[in-house]
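Scroll down for the structure; my scribbles are underneath it.
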Ligand code: NAD
């Protein structure tokens, strides 16, 4: 099976879908890796490193499987031959996703976002691996924007109190943000609508903020709040947020606009010089005053809404992503041949262009 690694074309996208480190094990599984020239440069990986690891530099679009980071553009879909398998982030829940176009092009596409959140699939969970990067980087960004220290300092010139940090939405990114803020010396608090998160918040040394709203949904995700719950939550958060130096928001509901947690009034109630980092900018933002992709100052509060933070740490983000992709690939291979078993929940769920019925030949049968 030939696997093609393409050079990403989105502005600011510096990640790459496979890194040299992961290639020897794929080669052992019977995979031939073809890397587009310069594919790794954003992540500081020269072509020679891929060659040394056992890959070839060539045209990745003609491979049996094309692996990517960002969803393909129309021009990229045009390069994919019928029968090709594509693996990557495909934003399947976005209204403007390319799944219809991929299906029409005869491409069998696997969206890493649709991999089920079950223990067996953790090694393939790209949402988690990249959310870890985003949560970490969000804290660094907050520290950078802050006019205050994170740690408590006791010096000859006086004592500085530790920063108080509130994380709203404690999934993978939020938990990493709490852990990172704690390592920097902040005094941390976490809030979520899934009550099961309380123990995880405490396990990283943070306090749990309980507002009495339970909105646990399906598959470990949150459900959208009712209008009454939303109003009650905004009001309660308006009071709770006042005392915090830093607020990091990561709240998402799959397929829905980001929940509005922080109102303009809540921002106004914060001390000037405080910082909000809103990781939900891509779906509209958790803060009413967020301007996605920008850093703005409103009522003296700095509100940063960085987009695609994982791309700002391309080396480790790519390394983790590559491990996810390689694990998903391995699941589709039988003796080096692509033969996805759609009886496997991980493959059935993540194949967003439609799972073949038993009447259709499998790839393995077609290859005979
Ligand atoms: P996510 O990115 O979908 O959402 C981030 C957080 O926002 C979630 O914790 C969610 O509950 C919270 N949220 C949504 N609406 C909110 C609101 N109105 N107010 C406050 N918070 C709100 O979440 P995620 O990081 O993808 O994690 C989702 C779940 O999947 C978690 O339970 C996580 O532990 C679990 N998970 C399981 C596995 C596995 O077992 N394989 C792997 C990764 C994550």
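If we keep just the residues of region 200-224 that are within 11 Å of the ligand (Cβ to nearest atom) and at pLDDT 95 or above, which is nearest to residue 114 (Cα to Cα)?
200
Scan region 219-251 for residues that are in contact with a strand residue (DSSP E or B) (Cβ under 8 Å, 6 or more places away or on another chain), part of a loop (DSSP other than H, G, I, E, B) and touching a residue at least 40 places away in the same chain (Cβ under 8 Å) and jot them down.
If the condition is that a residue be in contact with a strand residue (DSSP E or B) (Cβ under 8 Å, 6 or more places away or on another chain), part of a loop (DSSP other than H, G, I, E, B) and touching a residue at least 40 places away in the same chain (Cβ under 8 Å), then 243, 244, 245, 250, 251 are the ones that fit.
Within region 89-103, count every residue that is surrounded by 18 or more Cβ atoms within 10 Å (Cβ to Cβ) and more than 22 Å from residue 311 (Cα to Cα).
Of the residues in that region, 2 qualify.
So which residues in region 296-333 are part of a strand (DSSP E or B) and surrounded by 15 or more Cβ atoms within 10 Å (Cβ to Cβ)?
298, 301, 302, 303, 304, 333, listed by residue number.
Quick check on this structure: which one of 88, 4, 81 is under 23 Å from residue 312 (Cα atoms) and in contact with a helix residue (DSSP H, G or I) (Cβ under 8 Å, 6 or more places away or on another chain)?
The match here is 88.
Which ones in region 21-31 are touching a helix residue (DSSP H, G or I) at 6+ places or on another chain (Cβ under 9 Å) and outside any loop (DSSP other than H, G, I, E, B)?
21, 22, 23, 25, 26 - these are the residues of region 21-31 that are touching a helix residue (DSSP H, G or I) at 6+ places or on another chain (Cβ under 9 Å) and outside any loop (DSSP other than H, G, I, E, B).
For region 36-73, what are the residues that are surrounded by fewer than 19 Cβ atoms within 10 Å (Cβ to Cβ) and in a helix (DSSP H, G or I)?
41, 47, 48, 49, 51, 52, 61, 62
All but one of (1) under 18 Å from residue 89 (Cβ atoms); (2) without any contact (Cβ under 8 Å) to a residue 40 or more places away in the chain hold for residue 149, so report the exception by its number.
(1)
Tell me which residues, restricted to region 1-20, are under 24 Å from the mean Cα position of the chain (by Cα), assigned to a loop (DSSP other than H, G, I, E, B) and surrounded by 21 or more Cβ atoms within 10 Å (Cβ to Cβ).
6, 8, 14, 15, 16, 17, 18, 19
If a residue counts only when it is within 12 Å of the ligand (Cβ to nearest atom) and at pLDDT 95 or above, which helices (runs of 4 or more DSSP H) contained entirely in region 97-187 have at least 3 such residues?
126-145, 172-183
Looking at 131, 109, can you tell me which residue is more than 30 Å from residue 262 (Cβ to Cβ), crowded, with 21+ Cβ neighbours inside 10 Å, touching a residue at least 12 places away in the same chain (Cβ under 8 Å) and touching a helix residue (DSSP H, G or I) at 6+ places or on another chain (Cβ under 7 Å)?
109
Return only the number of the condition from (1) outside any loop (DSSP other than H, G, I, E, B); (2) touching a strand residue (DSSP E or B) at 6+ places or on another chain (Cβ under 8 Å); (3) modelled with pLDDT of 95 or more that residue 340 does not satisfy.
The one condition residue 340 does not meet is (1).
Just to be sure I understand, how many residues within region 74-88 are surrounded by fewer than 20 Cβ atoms within 10 Å (Cβ to Cβ), in a loop (DSSP other than H, G, I, E, B) and at negative phi?
Summing the residues that are surrounded by fewer than 20 Cβ atoms within 10 Å (Cβ to Cβ), in a loop (DSSP other than H, G, I, E, B) and at negative phi in region 74-88 gives 3.
Taking only region 260-270 into account, find how many residues are buried (at least 23 other Cβ atoms within 10 Å of the Cβ), without any contact (Cβ under 8 Å) to a residue 60 or more places away in the chain and near the ligand (Cβ under 9 Å from one of its atoms).
0
Take the residues in region 193-214 that are assigned to a loop (DSSP other than H, G, I, E, B), without any contact (Cβ under 8 Å) to a residue 40 or more places away in the chain and in contact with a helix residue (DSSP H, G or I) (Cβ under 7 Å, 6 or more places away or on another chain), then tell me which one is surrounded by the fewest Cβ atoms within 10 Å (Cβ to Cβ).
Restricting to residues being assigned to a loop (DSSP other than H, G, I, E, B), without any contact (Cβ under 8 Å) to a residue 40 or more places away in the chain and in contact with a helix residue (DSSP H, G or I) (Cβ under 7 Å, 6 or more places away or on another chain), the top hit is 205.
What's the number of the condition residue 83 fails, among (1) closer than 25 Å to residue 183 by Cβ; (2) touching a residue at least 12 places away in the same chain (Cβ under 8 Å)?
Going through (1) closer than 25 Å to residue 183 by Cβ; (2) touching a residue at least 12 places away in the same chain (Cβ under 8 Å) one by one, residue 83 breaks only (1).
The values are calculated or read from the model by the stated rules, or taken from the named source; none is laboratory data. If you're wondering where the values come from, they're calculated on a predicted model, not measured in any experiment. Don't worry about glycine lacking a Cβ; one is built from the backbone with ideal geometry, like all the others, and counts go over all protein chains shown.
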